[in-house]
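Here's the structure, in structure tokens; my notes come after.
The values are calculated or read from the model by the stated rules, or taken from the named source; none is laboratory data. Computed from a prediction, not measured in an experiment: that's the story for all the values here. Quick reminder, even Gly has a Cβ in these numbers, built from the backbone with ideal geometry, and neighbours come from all protein chains shown. Just so you know, the surface numbers come from the protein's heavy atoms only, side chains and all, with ligands and any DNA or RNA stripped out. Shrake-Rupley method; radii C 1.70, N 1.55, O 1.52, S 1.80 Å.
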Amino acid sequence: MTKTILRSGWALALAFLLVQGAFAARTSGASKNPVPALHDGVVVDATAGIAYVMSPQGGIDALDLTSGNVMWKSRDAAKPLALVSGTLVAQARPRENGKLTVVALDARRGTAQRSTDIDIPKALRANVADGPSQTFRAQAYPAGKSGVVVTWTAENVLPQGYVQEVPEGPVADSPAAKRAAEAATAATRPQRGAVRLDVAAGSTAPLSWEEAQQAAPALSVREIAEKAGGAAAARRQLVSLDGRHVLTSEPSGERNPWAAYRWTVTTTSGATVGTLEAPVSMAPFVVSGSKILYVAQPSVRQDGGKWLQEPLRLRALDLKTGVELWAAPIVDSNYRGPFPP
């Protein structure tokens with residue numbers, strides 16, 4: 001089922017007039033090139049200088065990559081999935097079981113253009129973040145001029161410490177016991193599905209899981225073995241999400257765990273853009289100007305005798321100095337407890 005959402009633009013235009021004026025002065029709008037998600041709930045358009053993130057306050061925030069400031073907010077959807085032809089494809093919070101709602105937003109202004117309901121099994125609820133009893137994950141991969149492949153996976157999670165009682169003796173071989181065992185197994189078996197969505201028309205077409213995976217972008221990681229001073233050394237390289245840059249990672253030799261690796265970022269032609277220290281060997285990234293953007297995982301560290309807890313966040317670092325320019329917390333879709341007894 002497809003329905004078109006109409007919104008009066010006057011209130012929104014007045015509310016964001018100054019912001020959009022400044023925004024338009026710096027960029028001509030969202031890129032026409034397709035952009036897949038950098039991370040679950042994060043889409044970064046490096047060419048246009050915009051990041052779309054799943055906000056902890058609800059809805060979607062569009063961030064200016066220069067300052068990290070919010071350019072616009074949308075409550076019509078909750079999780080950005082991909083960018084296609086100036087349209088942000090996003091997942092909305094579920095209204096009912098058995099429906100995955102995908103919303104097309106104007107990537108420059110955040111206004112909703114169209115909403116499409118994708119049928120999923122009735123027992124499933126297309127939540128934008130995992131809960132203690134069920135995980136649900138939707139993804140979208142650009143496919144063609146105005147199309148995206150939308151996939152979903154779901155799995156029921158058994159409570160921590162759950163032990164299924166298995167009958168013994170002849171009872172275990174009874175038809176009722178076998179049906180109960182099969183139902184328990186089926187309840188926790190992962191489920192998945194896929195469709196091809198025409199963003200402009202809002203129409204969908206069925207797609208096999210194998211066909212859908214062919215549209216999924218693959219991270220390009222390669223190992224480089226070399227000798228330095230007679231000793232073997234290994235470096236790893238990762239190509240940026242948009243294919244325009246290469247990150248070479250190697251141990252920094254620093255005792256500080258937050259600077260354990262040295263990242264050297266170059267263009268695909270080999271020109272060095274910058275070098276910085278990082279706590280992880282590598283992460284999916286994009287480069288915008290002299291900034292590198294990647295999603296840092298939740299962490300706890302000690303600073304000046306105090307323990308600092310960092311949430312899942314999108315970081316923007318200056319490639320010339322290694323200094324963090326800004327960081328924006330984003331929703332962590334993974335459920336981290338507690339689990340019911």
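Summary table
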item	result
Pairs, first within 15 Å of Pro190 (Cα to Cα) in the range 129-144, second part of a strand (DSSP E or B) and open to solvent by 30 Å² or more (accessible area, probe 1.4 Å), C-beta under 6 Å, six or more apart	Gln134/Asn156; Thr135/Glu155; Arg137/Thr153
Qualifying residue in the range 87-95 (condition: open to solvent by 20 Å² or more (accessible area, probe 1.4 Å), farther than 14 Å from Ser288 by Cβ and either out of contact with any Leu (no Cβ under 9 Å at 6 or more places or on another chain) or assigned to a strand (DSSP E or B) (or both))	yes
Residue pairs meeting the criteria (Cβ under 6 Å; at least 6 apart or on separate chains; first under 28 Å from Ala37 (Cα atoms), in the range 240-265; second basic (Lys, Arg))	Thr248/Arg235; Ser249/Arg236; Glu250/Arg235; Glu250/Arg262
Number of positions in the range 45-64 that are under 19 Å from Arg137 (Cβ atoms) and aliphatic (A, V, I, L, M)	3
Filtered residue count, the range 56-71, keeping only those that are under 15 Å from Thr111 (Cβ atoms) and either among the β-branched types (Val, Ile, Thr) or out of contact with any Phe, Trp or Tyr (no Cβ under 8 Å at 6 or more places or on another chain) (or both)	2
Enumeration of residues in the range 248-260 that are more than 24 Å from the chain's Cα centre (by Cα) and closer than 16 Å to Arg236 by Cα	Glu250, Pro251, Ser252, Gly253, Ala260
Scan of the range 235-252 for residues that are aliphatic (A, V, I, L, M) and closer than 17 Å to Pro217 by Cα, ordered by number	Leu238, Val239, Leu241, Val246
Answer residue from the range 119-147, given it is out of contact with any strand residue (DSSP E or B) (no Cβ under 6 Å at 6 or more places or on another chain) and hydrophobic (A, V, I, L, M, F, W, C) and is most open to solvent (accessible area, probe 1.4 Å) among those	Ala123
Of all residues in the range 253-307 being more than 22 Å from Asp45 (Cβ to Cβ) and of a type in the set (Lys, Arg), the one that is modelled with the lowest pLDDT	Arg301
One residue from Leu105, Leu100, Leu81, Leu65 being within 16 Å of the chain's Cα centre (by Cα) and open to solvent by less than 20 Å² (accessible area, probe 1.4 Å)	Leu81
